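Peer 1: Below: one structure in structure tokens.
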């Protein structure tokens, strides 16, 4: 083997295998720590405050603090953090900057601790992509001639994989989310490696159990297949409504209240607080607060009344748009997943199923497929995070119907055709 061939092999080994593995391990460690602090400590105390007054006050405080960070301390136009990844994916002149990372994480923290309805996948993807891009930039010799966004994409995949313990979905999502109706293979090999090592590291640190352990994994029946297209259509139409509310409130914040963002953050926080008080009175917990882990667990483990479903549907429908338009920072993937679970739970009211989690899981994949325009990632996410492979076929059918019904409008403004 010539020296030139040996050099190419060495560079390929570093770029496609070694560096992504290192990125995966590093990102998994940081994301696991962040997830533990927010989900197991801060959110635990938030949901056990048992104070209607605090539940009313906290969202406004969180949004105001996040707005101060994103408007004064670290000025930024984007508070949906996956959008930063999508922009960096498409545009070479919009790189991720490491110095912004601590402030974006701080803005996410105060948003979630205050009860803001945002997901942790946004900061996880942003963190992983930022770390990956920084490492690649600081090792130019090892990546000469390699896609300059290679480790950024791999890092984003590692962040998603560590948070949800869903390595396959992580790879699919980071390659699917930059587009509205197609999927890329860009940096596929580095993403596979980083996602795998990230998952293994996270599993070693926090356990290998799925995000949502389903007590009974039953096979689907014919009635489930018949309801799958209906669930998909309802999720597609509901996704249109969600996007319309999101855009309306976002435009209101950028227009009428652009010069008075603190006042708008206060108003949005008050609205979220009122919704939090309402859900607490119905469920004994503010299930519209935070990413929505508690809400999903409640809905996949219990068969609830139509009134309870209507309450959580309205609360979650407005809470996420109010959070983002009011200056909150985080991800929107998981709020979409919760909306789907709520719609799926609605079908449990009148459609008998041997497993109350089945329709909610179909709804989860359908709403994410419609809202984020990522049907493949949505389907694998429902299966990987529950350990229930039987949901795949009905989820595939429902997600396809949801994707078509939703049209071309999704929650992302940066996706390309």
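Peer 1: Identify the residue in region 352-366 that is in a helix (DSSP H, G or I) and either in contact with a helix residue (DSSP H, G or I) (Cβ under 6 Å, 6 or more places away or on another chain) or at pLDDT 95 or above (or both) and, among all such residues, is surrounded by the fewest Cβ atoms within 10 Å (Cβ to Cβ).
Peer 2: 359
Peer 1: Output yes when any residue across region 245-266 is crowded, with 18+ Cβ neighbours inside 10 Å, more than 30 Å from residue 25 (Cβ to Cβ) and either in the same structural domain as residue 22 (by TED's automatic domain parsing) or under 21 Å from the mean Cα position of the chain (by Cα) (or both), and no when none is.
Peer 2: yes
Peer 1: Assess whether residue 303 counts as being without any contact (Cβ under 8 Å) to a residue 12 or more places away in the chain and either outside any helix (DSSP H, G or I) or surrounded by 24 or more Cβ atoms within 10 Å (Cβ to Cβ) (or both).
Peer 2: For residue 303, the condition - without any contact (Cβ under 8 Å) to a residue 12 or more places away in the chain and either outside any helix (DSSP H, G or I) or surrounded by 24 or more Cβ atoms within 10 Å (Cβ to Cβ) (or both) - is not met.
Peer 1: Please go through region 136-177 and give me each residue that is surrounded by fewer than 24 Cβ atoms within 10 Å (Cβ to Cβ) and either farther than 28 Å from residue 385 by Cβ or free of Cβ contacts under 8 Å to residues at least 24 places away in the same chain (or both), ordered by number.
Peer 2: Of everything in region 136-177, those that are surrounded by fewer than 24 Cβ atoms within 10 Å (Cβ to Cβ) and either farther than 28 Å from residue 385 by Cβ or free of Cβ contacts under 8 Å to residues at least 24 places away in the same chain (or both) turn out to be 137, 138, 139, 140, 141, 142, 143, 144, 145, 146, 147, 148.
Peer 1: Residue 378: in contact with a helix residue (DSSP H, G or I) (Cβ under 8 Å, 6 or more places away or on another chain), surrounded by fewer than 24 Cβ atoms within 10 Å (Cβ to Cβ) and over 14 Å from residue 300 (Cα atoms), yes or no?
Peer 2: no
Peer 1: Looking only at helices (runs of 4 or more DSSP H) that fall completely inside region 1-98, which ones have 2 or more residues that are surrounded by fewer than 12 Cβ atoms within 10 Å (Cβ to Cβ)?
Peer 2: Because the criterion is at least 2 residues that are surrounded by fewer than 12 Cβ atoms within 10 Å (Cβ to Cβ), the helices (runs of 4 or more DSSP H) in region 1-98 that meet it are 3-13, 43-46.
Peer 1: Run residue 225 past the list (1) in contact (Cβ under 8 Å) with a residue 12 or more places away in the chain; (2) outside any helix (DSSP H, G or I); (3) more than 20 Å from the chain's Cα centre (by Cα); (4) more than 18 Å from residue 96 (Cβ to Cβ) and report the number of the one that doesn't hold.
Peer 2: Single failed check for residue 225: (2).
Peer 1: Could you tell me whether residue 299 is modelled with pLDDT of 95 or more and under 22 Å from residue 245 (Cβ atoms)?
Peer 2: Considered against the rule, which asks whether it is modelled with pLDDT of 95 or more and under 22 Å from residue 245 (Cβ atoms), residue 299 comes out as no.
This table checks each residue for (1) closer than 30 Å to residue 104 by Cβ; (2) at pLDDT below 95; (3) crowded, with 24+ Cβ neighbours inside 10 Å; (4) in the same structural domain as residue 277 (by TED's automatic domain parsing).
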residue: 319; (1), (2), (3), (4): yes, no, yes, yes
residue: 325; (1), (2), (3), (4): yes, yes, yes, yes
residue: 330; (1), (2), (3), (4): yes, no, yes, yes
residue: 368; (1), (2), (3), (4): yes, no, yes, yes
residue: 371; (1), (2), (3), (4): yes, no, yes, yes
residue: 382; (1), (2), (3), (4): yes, yes, yes, yes
residue: 385; (1), (2), (3), (4): yes, yes, no, yes
residue: 398; (1), (2), (3), (4): no, no, yes, yes
residue: 413; (1), (2), (3), (4): yes, yes, no, no
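Peer 1: Pick from region 335-351 the residues that are surrounded by fewer than 24 Cβ atoms within 10 Å (Cβ to Cβ) and in contact with a helix residue (DSSP H, G or I) (Cβ under 7 Å, 6 or more places away or on another chain): which of them is modelled with the lowest pLDDT?
Peer 2: 351
Peer 1: Of 116, 145, which residue is in contact with a strand residue (DSSP E or B) (Cβ under 8 Å, 6 or more places away or on another chain) and assigned to a loop (DSSP other than H, G, I, E, B)?
Peer 2: Numbers: 145 fails: in contact with a strand residue (DSSP E or B) (Cβ under 8 Å, 6 or more places away or on another chain).
Result: 116 is the single residue among 116, 145 that is in contact with a strand residue (DSSP E or B) (Cβ under 8 Å, 6 or more places away or on another chain) and assigned to a loop (DSSP other than H, G, I, E, B).
The values are calculated or read from the model by the stated rules, or taken from the named source; none is laboratory data. Please read all numbers here as calculations on a predicted model, not as lab measurements. When we count neighbours, we look across all protein chains shown, and the Cβ atoms used for this are built from the backbone with ideal geometry, even at glycine.
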